[in-house]
Amino acid sequence: MLFRARSGTFLTFALAGLLTGVWVARMPALASKFGTTEGEIGIVVLVWGIGAIVAMQALRGVMARAGSRGTLRVALPLTALSYAGVALAPTYAALLVAVALFGMAFGVTDIAMNAQGSVVERAHRRPIMSAMHAGWCVGAMGGGLFGVATAAAGLGFTATVLSAAVLTLPLGLLLGRTYLPDPAAPAGTATGRAARRMPLAVYLIGGLAFIAFMTEGSIADWSGLLLHDELGATQAVAALGYPMFELAMLIGRLFGDRVRTRLGTRRLLVGAGLGTALGMTVVVLAPAAPVAIAGFFVTGLVVCTVVPTTISLAGTADPGRPAAAVAQVGAMGYGGLLLGPVVVGFLSEATSLRVGVGVVVVLALLIAAGARFVPLRMDMDVVAHSSEAAVAAGEAPAGEEAPAPVAA
C-alpha cells in the first residue's frame, strides 16, 4: 500500500515536471505562434506565476478541509485540461486568460502533491521528500526532451502542448487511486478564526522556502546570459549551464533523503546553504565558462535539498492542517521564484551581471543562518539521530523499521 502511494506521488511530481518542461522548451514556438516580443512573453510567465500564487493563498482553506488526496484528485486533471486550453488559445488575449487558469490549477496541484508527499513521508517514518522532488526533475528533463523531439519533427506549439495535455489527463485520473488520506486532525485542534491563523513556525519555514526559490529562479533565468555575456561562451556552451544545474539537482535529490537521515535536518540545511554559497562564489569569480559550469553543477548538487526539506517541515509544522501549511509555504516559495530573477536583473543593470548573480551567494548564506532558527517538529529528525546511535550499537537503524499500517 505504501509502495503504491509512494510510486503514485512520485509519478504525480513527474507529470507536473513534464508539463513544465514542455512549456519551457517550446517557449520560442509560443512566441512564433503569436508573433510576440520578449516583453509580452515575460507577461505570459508573470500571469502564470501570479495565478499560481493567488490560487495557493485563496484555496488554502479548501485544502485544509478537503485534504491533499481530495484536492489532488481534482486539481491534476484540471491542470491537464487548462494546459489544453493554453494550447488551443486563438489569440494573445485568450492566451493570457488560459495561462492564468493554467497557473491557478497548477499552483493547487503543486501544493496538493507536496502535501500528499508529506502524508506519504510521515507514513514511511523517514525522509522521502527529496526523492519525490527528484520525480519533478525527471519529468522536467523528459518534458524538455519531448519538446526538442517535437520541434525536430516540425510540430508547432499547439500540437506539442496539446499532446502533453492528452497524455497527462488519463494518467492524472488513474493516479488518484494511489493517494493516501490525510491524517485526522489531533484532538484540541483550533476551530473558527483561530484555525485560519498559521503558527509562526510555518512563516519561518516559508521564509526559508522564499529564499531557496529565489536562488533557484535566479540561476534558471540568468545562468545562460552570465556564461554568454560575461564569459564569452558561445550560445551552445552557454545553454549548458542550466541543464548541468538541473542534472546535479536530480542527482542530489536521489541521495538527499539518505543524507538528511544521517545528518539531521538542521545540519543538512546549514550545509546546503554554505555549499550553495561556495558553488556560486566559484561561478561569480570564474575566469572561463567551464569553471562557471562546474560551479553551477556544485550549486545544484547542494541547493536541491532545501526546497524539499522546507516542504517536509511545513507538513508537520501545523499537525491539524498539514495541507494548508504546505500551501502557505508553497505560496511564499513561488513569490521568491518570481522575485529572484527580477532582483538579479535590477542589480545587473545597475552594476554588472556578475554582481547581480552574486546576490545568490548572499541568499545562500541566509539559508545557512536561517536554518538555525527553524523549529523542528519532525519524527524524521528523531529517526536520524536514533539511526546513528543504533548503527553505533550494531542494531538496525530506526528508519528501517516497518511503518505503521495506513488505510488506503
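The values are calculated or read from the model by the stated rules, or taken from the named source; none is laboratory data. Here the structure is a predicted model, which means the values were calculated and not measured. In this analysis, Cβ positions are derived from the backbone assuming ideal geometry, glycine residues included, and neighbour counts consider all displayed protein chains. Accessible surface is based on the protein model in full, side chains and every heavy atom, while ligands, DNA and RNA are left aside. Shrake-Rupley method; radii C 1.70, N 1.55, O 1.52, S 1.80 Å.
Evaluated over the Cα positions of region 76-213, the convex hull gives a direction-averaged projected area, one quarter of its surface, of 11.5 nm².
For every other residue with a beta carbon closer than 10 angstrom to the beta carbon of A327, add +1 if it is Lys or Arg and -1 if Asp or Glu, then tell me the sum. Net charge in that neighbourhood comes out at +1. Ellipsoid semi-axes for the chain, based on the Cα gyration tensor and the rule √(5λ), read 32, 27, 19 Å when sorted largest first.
Extension gain for L347 to R372 (0.36 nm times residue separation, less C-alpha to C-alpha distance): 6.2 nm. Per-residue Karplus couplings for region 270-285, computed as 6.51 cos²θ - 1.76 cosθ + 1.60 with θ equal to phi - 60°, are listed in order as 4, x, 5, x, 5, x, 5, 4, 5, x, 6, 5, 4, 4, 5, 9 Hz, Gly and Pro entered as x. Modelled spin labels at S32 and L278, positioned 7 Å past Cα toward Cβ, are 4.4 nm from each other.
Both radii are taken from the alpha-carbon atoms of region 234-326; with Rh as the Kirkwood radius, Rg/Rh is 1.09. Under the criterion of Cα pairs below 8 Å and six or more residues apart, the relative contact order for the chain equals 25 percent.
Rolling a 1.4 Å probe over the protein heavy atoms of the chain, with every protein chain left in place, gives an accessible area that is 70 percent carbon and sulfur. Across D229, D110, the residue with the most accessible area heads the list, and the full order at a 1.4 Å probe is D229, D110. Normalised by 2.2 N^0.38 Å, with N the number of residues, the alpha-carbon radius of gyration of region 1-180 equals 1.02. Restricting the chymotrypsin sites (Phe, Trp or Tyr not before Pro) of region 62-165 to loop positions (DSSP other than H, G, I, E, B) with no more than 15 neighbouring Cβ atoms within 10 Å leaves nothing.
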